[in-house]
Amino acid sequence: MTTKQFLLSTFFLLMAGWSTANAEDGSRLWLRLDNVSNPTTITGVKGTAMTELQTYWQGSPVVLKRQKGLAKDGYTIKSQGDKIVIAAANDAGLLYGAYHLLRLQQTGNTTTSLDISEKPFYDLRILNHWDNPDGTCERGFAGKSIFLNPNPERLKMYARANASVGINGTVLNNVNAKPEALSTASLEKAKSIADQLRPYGIRVYLSINFASPIKVGGLPTADPLDKKVVGWWKEKVNEIYKLIPDFGGFLVKANSEGEPGPQDFGRTHADGANMLAGVLKPHKGIVMWRAFVYAPQSPDRANQAYLEFMPLDGQFADNVIIQIKNGPVDFQPREPYSPLFTAMQKTQMMVEFQLTQEYLGAANHLVYLAPMWQEFFSFVKPSSLRAMAGVANIGDDINWCGHHFAQANWYAFGRAAWNPALTPKEIADEWLAQTFTDNPSFVSTVSQLMLDSREAAVSYMMPLGIHHIFAGVHHYGPEPWYSPKGLRADWTPPYYHKADAVGLGFNRTLTGSANVKQYPEALCQLYNDINTCPENLLTWFHHVPWNHKMKSGRTFWDELCHKYDDGVHETRRFLAMWDAMQSYVDAQRFSEVQRKLRIQTRDSEWWRDACLLYFQTFSHRPIPQDVEHPVHNLDEMMNFRIPISMYENPQCGYNK
Ligand code: GCV
C-alpha cells in the first residue's frame, strides 16, 4: 500500500452463529473473533493490521496513521467524528493498536469515545522455545514442536496470537542447543519461519551451541579469543543475515548442565558473550547470555549464579543482556527472587520466566502464573530490567498448550511484558472474556479460581519454602526420597529439604551457606532470622525445627500438615467451582478442563500423602486430628512410577 492513510469500511456481522458451528477444541486460543469479511491480501506489518481489522472489526471505520513522536511499538487510539484513528510511529505499533481495538470488541468494552495511549514497557518481549531438531520439546507438555514441519495455517495462528499480546521475538530452538542448529539446512528452515512471522512484527532468534566452531566448523577449538574462531562466527553470522535480514540474535546456555562454554577454554562468560556480541553488532543483533549455572560440587546451588556473574558486573558489551531465571534455583512453585537482580548494577539484565509447567503439574494442573510474576516484581523493579523472556508452553496439540487454561499463561506473559503493572486479575478477566465468555458471573468466579491456583499448588506441592522435591527426570510428582546412588547430589531432593530428626530445610543463613548475604542488607537481616523470615520461605532459608512455633501458634510440623491439606481442599474447591460453570462453557472444553481438574485433585492428595508420610519418618509426630489423614501408603507411593521422559505430559497423574 502506498497511501498513507487507509480508510476501512464499516462491516456488519454477516455470519452470526459462526463460532458455535466450529469445534470448540481450543485451537482458536483467545482469538475467537467472528469473521465479518474476507479481505484482499495486503502485505507487510501494516497490511496485517488492515487485514485483521477488515476481517474481524465490526465498529466504526478505522484510519491507520503513521505519526512521528510516539514511542516505538506504541500507539494511540482516538475516536474522531465517525471514525477511529490508530496512530503509531511504526507499523508494529499500528498492528498492536488494531489488536487492542479488537480486544475491546471481544471483551464487550465500549468502542466509542476512545482516547487510548499505550506503549510497551519492554522493547523485547520474547518467547524461548526449548524445541529440538527431532521435534521433541524439552519440558514440553503439549505435543511436538510446531516448528518441526511447520504448517502455514498454524504458524499464522501462532503469529497472530503472539502479536495480539505484543510478543515480538521468538527463539526457535532449545537452549540445550544441538550444533546442527547452525547448519545451512536448519538456517534455511529458520528463514522460512522468519518469513512467515515477519508480517506480525516477530523476529526470530536462535540458541547456539558454544562449541559449534568445532562441531560444525571443524576447528580444533571454540576459544572465544582465537582469531579463527571469531572468523568462523563472523562468517556464520553473515550467512544468517543473508537469509534473515532482521535476525534478532543468539540465546546462549554456556557452561551449564554439561553444555560447552568459554570456561572450557579458560575464558569467562564475559569473554564468550562479548565475542558473539562483537560479531552480531554490525547487524544490530544481540546476545542473551543465560546466568543459569551451577556446579555439581557446590554446597549451595542457590549461591552459584551470583558467585560466577557478580565479578563480571560491568564487563559485558552493550548488546549483551544477561538472562536470569526469576529464582536462584530453578522455576520452583515458590522461590525468592534471584539475588543477582538487585546485586548487578552495571549489567543489562532480563528475567526468564517459565510458562511451561515443568515443576507445576505440567499440562495437567491449572496453575495461573501471573501472580508468581507479580510477586517477583514486588522485589525486582521492572525498570531495572531490559526485557522479559518466557519459556514457551506451546506444541502441536490441537489446543496448543495441552491444558485450556495453560493458554492463559502464554497470554499473560505477553500482556505482562507489555505492561508489568497490569494486575493478574485484569489479565485473567480479559483472557477469560475472550477465550470463553464475558458473562460477569463466569468471569468473576473463574478469575478467582485462577488467582488462587498458584498458591494452592505451592500448598499441596511445596509449602513453607520447601523446594525441588520432585520425581527425578520428568519432575511431575513428589519424590522427596529420590536419591539414586551415584547421582549428583544437587539433582536429588534430600540436598534441598535436608530432613532429619531436628527439622526440615536448607540453612542458608549466615551460619549456613550464607546465601542471605547475596540480598540487600534489609532483606538479608529479614531472611536471616527465623523469627522474621517470611513463613512462605521459611525452609528455603532455615533448617526449621519440627517444634518451631509458627505465627498461627502451631508447631512447624502441624503447620506443614495443615498447609498440605489446605492445598488439597483448594483443588477440590476449584473442581466444584468449575462444575458450577457448566452452563457457560461449551461441552468439549468444559469436560476437558473438568477431567484435568479431577487429575489435579487426585494429584494433590498424592503430593500431600507422599510428603507428609515421608517427612513423618523424620519428625516422628502425629498428623493433627483436624487434618484429613493420608489415603495412601508410603510404600505404595514410593514404588509408583510414571514411565515418561522430559518431553511428555503424563496421561493422568497418580492412578493407583
Ligand atoms: C533446558 C532445568 C530443566 C532443564 C532445562 C534447564 C535450563 O534444569 O530441568 O530441562 O534445560 O533447567 O533451563 O537450562
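Here are the numbers for the structure shown:
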item: Failed criterion for residue 372 (all others in (1) assigned to a loop (DSSP other than H, G, I, E, B); (2) open to solvent by 10 Å² or more (accessible area, probe 1.4 Å); (3) at pLDDT 95 or above; (4) under 29 Å from residue 490 (Cα atoms) hold); result: (1)
item: Near pairs, Cβ below 7 angstrom, 6+ apart or cross-chain, from region 258-270 (more than 18 Å from residue 297 (Cα to Cα)) to any residue that is of a type in the set (A, V, I, L, M) and not in a loop (DSSP other than H, G, I, E, B); result: 268/312; 269/312; 270/312
item: Single condition residue 353 does not satisfy, out of (1) within 13 Å of the ligand (Cβ to nearest atom); (2) outside any strand (DSSP E or B); (3) within 19 Å of residue 408 (Cβ to Cβ); (4) among the hydrophobic types (A, V, I, L, M, F, W, C); result: (2)
item: Cross-chain or 6+ apart pairs with Cβ under 8 Å, region 129-157 first and on the phi > 0 side of the Ramachandran plot, then open to solvent by less than 50 Å² (accessible area, probe 1.4 Å) and of a type in the set (Gly, Ala, Ser); result: 135/145; 143/395; 143/402
item: Only one of 626, 603, 635 that is surrounded by fewer than 16 Cβ atoms within 10 Å (Cβ to Cβ) and in a helix (DSSP H, G or I); result: 635
item: Pick from region 313-340, criterion buried (at least 19 other Cβ atoms within 10 Å of the Cβ) and hydrophobic (A, V, I, L, M, F, W, C), ranking: nearest to the ligand (Cβ to nearest atom); result: 331
item: Residue that is within 20 Å of residue 328 (Cα to Cα), aliphatic (A, V, I, L, M), within 16 Å of the ligand (Cβ to nearest atom) and at pLDDT below 95, where the choices are 254, 291, 295, 305; result: 295
item: Pairs, first at negative phi and in contact (Cβ under 8 Å) with a residue 12 or more places away in the chain in region 393-409, second open to solvent by 10 Å² or more (accessible area, probe 1.4 Å) and of a type in the set (Lys, Arg), C-beta under 7 Å, six or more apart; result: 395/144; 396/144; 403/596
item: Subset of region 250-272 [within 15 Å of residue 209 (Cβ to Cβ) and either of a type in the set (D, E, K, R) or open to solvent by less than 10 Å² (accessible area, probe 1.4 Å) (or both)]; result: 250, 251, 252, 253, 254, 256, 257, 259, 261, 262, 264, 272
item: Pair list, Cβ < 7 Å and 6+ apart or interchain, from region 530-554 residues that are surrounded by 18 or more Cβ atoms within 10 Å (Cβ to Cβ) to residues that are of a type in the set (S, T, N, Q) and at pLDDT 95 or above; result: 541/509; 542/507; 542/509; 543/507; 546/555; 546/619; 548/555
item: Candidates 176, 128 - the one that is open to solvent by 20 Å² or more (accessible area, probe 1.4 Å), out of contact with any helix residue (DSSP H, G or I) (no Cβ under 9 Å at 6 or more places or on another chain), of a type in the set (S, T, N, Q) and within 16 Å of the ligand (Cβ to nearest atom); result: 176
item: Any chance residue 239 is surrounded by fewer than 23 Cβ atoms within 10 Å (Cβ to Cβ) and within 16 Å of the ligand (Cβ to nearest atom); result: no
item: Any hit, region 486-494, residues being of a type in the set (Gly, Ala, Ser), open to solvent by 10 Å² or more (accessible area, probe 1.4 Å), more than 30 Å from residue 646 (Cβ to Cβ) and over 27 Å from the mean Cα position of the chain (by Cα); result: no
item: Any hit, region 182-189, residues being among the β-branched types (Val, Ile, Thr) and open to solvent by 10 Å² or more (accessible area, probe 1.4 Å); result: yes
item: Residue that is in a helix (DSSP H, G or I) and among the hydrophobic types (A, V, I, L, M, F, W, C), where the choices are 222, 194; result: 194
item: Filtered residues of region 98-125 (kept if closer than 30 Å to residue 348 by Cβ and surrounded by 17 or more Cβ atoms within 10 Å (Cβ to Cβ)); result: 99, 100, 118, 119, 120, 121, 122, 124, 125
item: Region 610-629 residues that are in contact (Cβ under 8 Å) with a residue 12 or more places away in the chain, paired with ones that are open to solvent by 30 Å² or more (accessible area, probe 1.4 Å) and hydroxyl-bearing (Ser, Thr, Tyr) (beta carbon under 9 Å, 6 or more apart); result: 621/555
item: Test: residue in region 563-571 that is over 33 Å from the mean Cα position of the chain (by Cα) and open to solvent by 40 Å² or more (accessible area, probe 1.4 Å); result: no
item: Sole exception among (1) away from the ligand (no atom under 16 Å from the Cβ); (2) open to solvent by 30 Å² or more (accessible area, probe 1.4 Å); (3) within 23 Å of residue 475 (Cβ to Cβ) for residue 134, by number; result: (1)
item: Conditions (1) within 16 Å of the ligand (Cβ to nearest atom); (2) touching a residue at least 40 places away in the same chain (Cβ under 8 Å); (3) not in a helix (DSSP H, G or I): number failed by residue 247; result: (1)
item: Qualifying residue in region 208-223 (condition: closer than 30 Å to residue 329 by Cβ, within 16 Å of the ligand (Cβ to nearest atom) and of a type outside the set (A, V, I, L, M, F, W, C)); result: yes
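The values are calculated or read from the model by the stated rules, or taken from the named source; none is laboratory data. Since the structure is predicted, the reported quantities are computational estimates derived from the model, not experimental observations. Cβ sites come from the backbone with ideal geometry, for glycine too, and all protein chains shown count toward neighbours. For the accessible areas, the whole protein counts, side chains as well, though only heavy atoms, and no ligand, DNA or RNA atoms are used. Shrake-Rupley method; radii C 1.70, N 1.55, O 1.52, S 1.80 Å.
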